[in-house]
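Notes follow once the structure below has been shown.
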Number of protein chains: 4
Amino acid sequence: MSALRAFIAEREWAQFHSPENLAKSIAIESAELLEEFQWSPEFDTDRVRLELADVLTYCYELADRLGVDPDEIVLEKLEITRAKYPVEAARGRSAKYDQL
Amino acid sequence: MSALRAFIAEREWAQFHSPENLAKSIAIESAELLEEFQWSPEFDTDRVRLELADVLTYCYELADRLGVDPDEIVLEKLEITRAKYPVEAARGRSAKYDQL
Amino acid sequence: MSALRAFIAEREWAQFHSPENLAKSIAIESAELLEEFQWSPEFDTDRVRLELADVLTYCYELADRLGVDPDEIVLEKLEITRAKYPVEAARGRSAKYDQL
Amino acid sequence: MSALRAFIAEREWAQFHSPENLAKSIAIESAELLEEFQWSPEFDTDRVRLELADVLTYCYELADRLGVDPDEIVLEKLEITRAKYPVEAARGRSAKYDQL
């Protein structure tokens, strides 16, 4: 995403954004998103949207570092998951594939 | 993303995928991504790509639940971050905005 | 905890267990604990106990690295939290201290 | 830990502290600890100590909920790990047990 790339370049932040540091950042922002649900399943949509945006931002940046397209890798992984969770076995169940 | 939506519908998984459970799932998958860097900054690109795809998949699903577009909320948040981290103050520094 | 220290020394693992890597490990194990609750608040006590033990193990190791006693820092922090959450204001509420 | 138990009872917080919510809280606090190492392996000992205390506090509370002693479950798990990582195979290596 070019706007994101320009934003980081202007601030000379690529030096901090190693894949390892981006992976840490994704975990940190994911926990801030989870904090919106810490004590209850109820949530504030505006706050959740902005926290989700933070997770996505670092995900997009890591994808860019790896030279892959976010949408393409989601589809690639979906095919792998499809093989592990056939519709017949998985329908209406939250069990892990090794317990289906 | 329509392929993802169809995948979940076929398996009748929407019942498990409340926003709270998706937020937990994003945190869980983020930690699996981080595990690729647990003992070293070196990494296996193929494994990292697939773990990143898992994080993105749940992020896209949560965005879908909230009725928002992933790219749009990233841009929305970028404008907020831009105001907090002006180029002059932030260039080449990893400090938090309240310490700039 | 001397048994833990001996276990690590025998395996020459201290070289991998920098404070940064221990912090990553605590986050990774915390997510495995959370995974026991991914789709439901119901849980298997035996599995939760063992996942909690993993989180605690790395916490104890980090405490050891910092030269502090786990119980003492919990009590130290409890005093700080006590000042932020006076009984009168906090009773029966899950709000953050800045919203009390 | 009786001081912690009294602290929670006074504030009538047990109602919020289900095992599931404590697992979320442990993951959230672990990420705050990780944030101390987000951009660099260098760290501030005082800040790390207090963030570690937050993780430990929720871990102790979950142990209390499960009716187990934190030190005992760490030792229980250490015996399991000992069997998976024999000294001869594991010495000086960070590989997972299934790759030793």
Next item on the list: For chain D, just list the percent of Cα-Cα distances falling in each 10 Å bin from zero outward, please.
Entry: 13, 30, 33, 20, 4, 0
Item checked: On Cα atoms only, tilt of B:19-35 relative to the major axis of chain B in degrees -> 60
Check: Most exposed first by the Cβ proxy, i.e. fewest other Cβ within 10 Å, how do A:Leu52, A:Leu66, D:Leu100 rank?
Finding: D:Leu100, A:Leu66, A:Leu52
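Once you sort the root eigenvalues of the Cα gyration tensor of the protein assembly as shown as a ≥ b ≥ c, which label holds: rounded (a/c under 1.5), prolate (a/b larger than b/c) or oblate (the other case)?
Values: a/c = 1.27, a/b = 1.21, b/c = 1.05.
Rounded, since a/c falls under 1.5.
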Next item on the list: Quick one: angle between helix D:2-11 and the longest Cα principal axis of chain D, in degrees between 0 and 90, rounded to 10, please.
Entry: 40
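Restricting attention to region C:3-100, which trypsin sites (Lys or Arg not before Pro) occupy a DSSP loop and are surrounded by at most 14 other Cβ atoms within 10 Å?
Details: sites: C:Arg5, C:Arg11, C:Lys24, C:Arg47, C:Arg49, C:Arg65, C:Lys77, C:Arg82, C:Lys84, C:Arg91, C:Arg93, C:Lys96; in loops: C:Arg91, C:Arg93, C:Lys96.
Filter output for region C:3-100: C:Arg91, C:Lys96.
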Check: Taking neighbour Cβ counts within 10 Å as the exposure measure, how do C:Asp98, A:Asp69 sort from fewest upward?
Finding: C:Asp98, A:Asp69
Check: Cα centroids of region B:1-63 and region D:79-100: how far apart, whole angstrom?
Finding: 29
Margin query: If I fit a long axis through the Cα atoms of helix C:70-84 and take the longest principal axis of the Cα atoms of chain C, what angle between them do I get, 0 to 90°, rounded to 10?
Written below: 20
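Please identify the GluC sites (Glu not before Pro) of region B:23-100 that satisfy two criteria: DSSP loop assignment and at most 10 other Cβ atoms within 10 Å. Which are they? Don't skip to the end; give the middle numbers.
Numbers: sites: B:Glu29, B:Glu32, B:Glu35, B:Glu36, B:Glu42, B:Glu51, B:Glu61, B:Glu72, B:Glu76, B:Glu79, B:Glu88; in loops: B:Glu36, B:Glu42.
Loop-located and lightly packed - B:Glu42.
Would you mind working out the magnitude of the charge dipole of region D:22-67 relative to its Cα centre, with +1 at each Lys and Arg C-beta and -1 at each Asp and Glu C-beta, to the nearest 20 Debye? Kindly include the intermediate steps, with their values, before the conclusion.
Working: 4 positive and 11 negative charges, 50 e Å.
The calculated dipole for region D:22-67 is roughly 240 debye.
No lab work stands behind these numbers, since they all come straight from the coordinates. These numbers were taken from a predicted model, which means no experiment stands behind them. As a convention, Cβ positions derive from the backbone with ideal geometry for all residues, glycine included, and neighbour counts pool all protein chains shown.
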